[in-house]
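Student: Structure in structure tokens, see below.
The values are calculated or read from the model by the stated rules, or taken from the named source; none is laboratory data. This one's a predicted model, so the numbers in the text were calculated from it and none came from an experiment. Every residue, glycine among them, receives a Cβ derived from its backbone with ideal geometry; neighbour counts consider all protein chains shown. Ligands, DNA and RNA are stripped out before the accessible areas are found, and what is left, the full protein with its side chains, is counted by its heavy atoms. Shrake-Rupley method; radii C 1.70, N 1.55, O 1.52, S 1.80 Å.
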Amino acid sequence: MGLTYCPVCGGSHAKAQHCPGELRPTGPERHGWRVSVETPFGIEAYGVLVAPSFDLWRSRILTYPNVLWTVPGGAVTLKFAGRSAQDAESQAVAFIEGHINARGYVRRDGLDLPAVARFQAEAAAKAQAATGGALRKMRALPVHFGTGPTLLAAMTGNVSESGLFVITLAPFDPGTDLRVLIDLDTGPVGLKGKVVWNRQRVVLGRPVGMGVHLIAPPEPYREFVLELP
């Protein structure tokens, strides 16, 4: 029988009264434990992010450079709560190790972000710097985009305060100015942006699409992203 995950905290607990709440960060989130793993998709690097959350600590798991792990179904980010940073981190480490063992992946502990993973991290760092350096959050949201009155339908792969990744089989070239209409819980919001990079072929399981830097994103959009788990 598999684990049941809470749609509120993103963790697994036996009873509803044991839920610690949304586990919002109340301080800076830092990078902690990290491991490199050989998978069928190539070398991947997994890591743990740790942050205070009121009287608790929370941890999250990241596939470098920028993919946060989510609960099955992708509704919320997977999280672990502990009374100390070490406790929260150790729970995430145990989960990663179980994930590696269950899939028969090979750990490459002697590698510190090997060539493939290091290349990904460097490329993502450049893209993230181009979009303001904001932390990206995995969320699939309907969007329409284009350069004129006709807009194409697509979905987001991730969003941040200053940018988003649009999953599309026809990404525009870097430097292209875009109109974007994104469907939020409160209704559609119009955005303006510029394509800063694109991916024309699937790479290590990552979808085809384009990274868009948003120009003066409106407050409803920024508030929506900030409130995402």
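Student: I'm told GLU223 meets every condition in (1) touching a helix residue (DSSP H, G or I) at 6+ places or on another chain (Cβ under 9 Å); (2) open to solvent by 20 Å² or more (accessible area, probe 1.4 Å); (3) within 30 Å of VAL8 (Cβ to Cβ) except one. Can you identify the failing condition by its number?
Tutor: The failed condition is (1).
Student: Here's another thing I want to ask about it. Please go through the stretch 181-208 and pick out each residue that is farther than 30 Å from VAL8 by Cβ and open to solvent by less than 30 Å² (accessible area, probe 1.4 Å).
Tutor: Answer for the stretch 181-208, where residues must be farther than 30 Å from VAL8 by Cβ and open to solvent by less than 30 Å² (accessible area, probe 1.4 Å): GLY193, VAL195, VAL208.
Student: Moving on to the next point. If you go through the stretch 44-61 one residue at a time, how many are open to solvent by 30 Å² or more (accessible area, probe 1.4 Å) and either at pLDDT below 90 or over 14 Å from SER84 (Cα atoms) (or both)?
Tutor: From the stretch 44-61, those open to solvent by 30 Å² or more (accessible area, probe 1.4 Å) are 44, 54-55, 57; that's our starting set.
Filter once more, so that each one left must be either at pLDDT below 90 or over 14 Å from SER84 (Cα atoms) (or both): 44.
Here the count works out to 1.
Student: Going by the conditions given, is GLY133 at pLDDT 90 or above, surrounded by fewer than 17 Cβ atoms within 10 Å (Cβ to Cβ) and either among the hydrophobic types (A, V, I, L, M, F, W, C) or under 27 Å from ASP173 (Cβ atoms) (or both)?
Tutor: Numbers: at pLDDT 90 or above: no; surrounded by fewer than 17 Cβ atoms within 10 Å (Cβ to Cβ): yes; either among the hydrophobic types (A, V, I, L, M, F, W, C) or under 27 Å from ASP173 (Cβ atoms) (or both): yes.
So GLY133 fails the test.
Student: Within the stretch 74-95, can one find any residue that is part of a loop (DSSP other than H, G, I, E, B), under 17 Å from CYS19 (Cβ atoms) and basic (Lys, Arg)? It would help to see each step written out before you state the result.
Tutor: Residues of the stretch 74-95 that are part of a loop (DSSP other than H, G, I, E, B), as a first pass: 74-76, 78, 83-84.
Checking the rest, the ones that are also under 17 Å from CYS19 (Cβ atoms) come to 75-76, 78, 83.
Narrowing the set further to residues that are basic (Lys, Arg) leaves 83.
Yes.
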